[in-house]
Amino acid sequence: MAVELFNNGRHVCLAFYDLVDEASDHAVQCNQFLVVDGEHGALLEPGGNMTYNGLLMSMARYFYSRDLEYIFASHQDPDIIASANKWMVTTNCRVLISKLWTRFLPHFTTGRNYTDRIIGIPDEGMAVPLGSCKLKMVPAHFLHSEGNFQVYDPISKILFSGDLGVSLLAHADASKPVTDFDSHIDYMIGFHRRYMISNKICRFWANMARQMDIEQIVPQHGARFVGKAMVNRFIDWIEDLQCGVDLMTQDQYRAP
Ligand code: FE
């Protein structure tokens, strides 16, 4: 079932939190998103093959998938974009992904040349028109992938943050907004300490995020941060986090 993150009658943002089967506890819970502006639609983080059918059926109530204009991938991971081939075959959509990954993406397809439908986002980001709005592809490199983008929607003021802000939660808890930030840290910290590259990068991102007008931060796994106070708690937390290469020591590099 879709969760409505925003709806002003013309512009709608939907989140799908329950597409990874509850029984599939061998696979990480993940979130897919649909942004619709009038007659125009974009799927953000379309996911892998195990969620494809569920997403297709769930989104059918809101948008005719064949008319999708874009699918967006924050980075190259399987839970983000392994379903690329299915979307390429069944729709005329174009794929938005960092220019670092455009020549890796075809390995998720059957090898047909889709070059003219793959848009490589330059490092500095770009604006992409969707109906009467312009979605912003915001740089978030090394958070966690080398070429990594988030999507800022200026109508809903939602930042779709990819793997930044992720929490590893049971399905039932993932669809509800974070209410107690301090206790929520337990579900974020392990992932962020290992997957995020370094505190230097977290600080660059925090400085950028503070300049933006963000009402919600919505990550690709787990729960979202709703309202300026909660958004600011997250920005403050990530700004101070020691992670990735900050924490690695020579002990972790010894041949077994
Ligand atoms: Fe990832």
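Taking the DSSP beta bridges with both ends in the stretch 26-182, the antiparallel portion is around 65 percent. As a rough guide to protection, the peptides 143-151, 76-84 ranked by mean Cβ packing within 10 Å, highest first, stand as 143-151, 76-84.
Please list log₁₀ I(q)/I(0) at q = 0.14 Å⁻¹ for the stretch 1-124, using the Debye equation with identical point scatterers on the alpha-carbon positions. Log10 I(q)/I(0), no solvent term: -0.57. Only helical runs count toward this figure. For the chain, summing -39,500 (n - 2.57) over DSSP H runs of n ≥ 4 and dividing by all residues gives -7000 deg cm²/dmol at 222 nm. Using DSSP to call loops (not H, G, I, E or B), can you name the trypsin sites (Lys or Arg not before Pro) in the stretch 109-193 whose Cβ has at most 12 other Cβ atoms within 10 angstrom? When the trypsin sites (Lys or Arg not before Pro) of the stretch 109-193 are filtered for loop state and at most 12 Cβ neighbours within 10 Å, Arg112 remain.
Can you work out the FRET efficiency for the pair Asp182 and Thr249, with r the C-beta to C-beta distance and R0 = 30 Å, to the nearest 0.05?
The pair Asp182/Thr249 has a calculated efficiency of 0.60.
Hey, with R₀ at 30 Å, roughly what FRET efficiency would Asn92 and Ser132 work out to, going by the Cβ-Cβ distance, to 0.05? Calculated transfer efficiency: 0.90.
Of the DSSP H helices in the chain, none is both long (alpha-carbon extent of 27 Å or more along the helix axis) and hydrophobic (Kyte-Doolittle mean at least 1.0).
Computed on the chain, with alpha-carbon pairs under 8 angstrom and 6+ residues apart, the relative contact order is 15 percent. Using a probe of 1.4 angstrom and keeping all protein chains present, the accessible surface of the chain works out to 46 square angstrom per residue. Gain on full extension, evaluated as 0.36 nm per residue between Asp213 and Thr110 minus their Cα-Cα distance, stands at 33.0 nm. Surface composition of the chain: carbon plus sulfur atoms hold 52% of the accessible area, using a 1.4 angstrom probe and ignoring ligands, DNA and RNA. In terms of the mean number of neighbouring beta-carbon atoms within 10 Å, the peptides 241-247, 160-166, 95-101, 65-71 order highest first as 160-166, 95-101, 65-71, 241-247.
The values are calculated or read from the model by the stated rules, or taken from the named source; none is laboratory data. All values derive from a computational prediction rather than experimental measurement. Counting neighbours? That spans all protein chains shown, and the Cβs are built from the backbone with ideal geometry, glycine included. Surface areas here come from the heavy atoms of the whole protein model, side chains and all, with no ligands, DNA or RNA. Shrake-Rupley method; radii C 1.70, N 1.55, O 1.52, S 1.80 Å.
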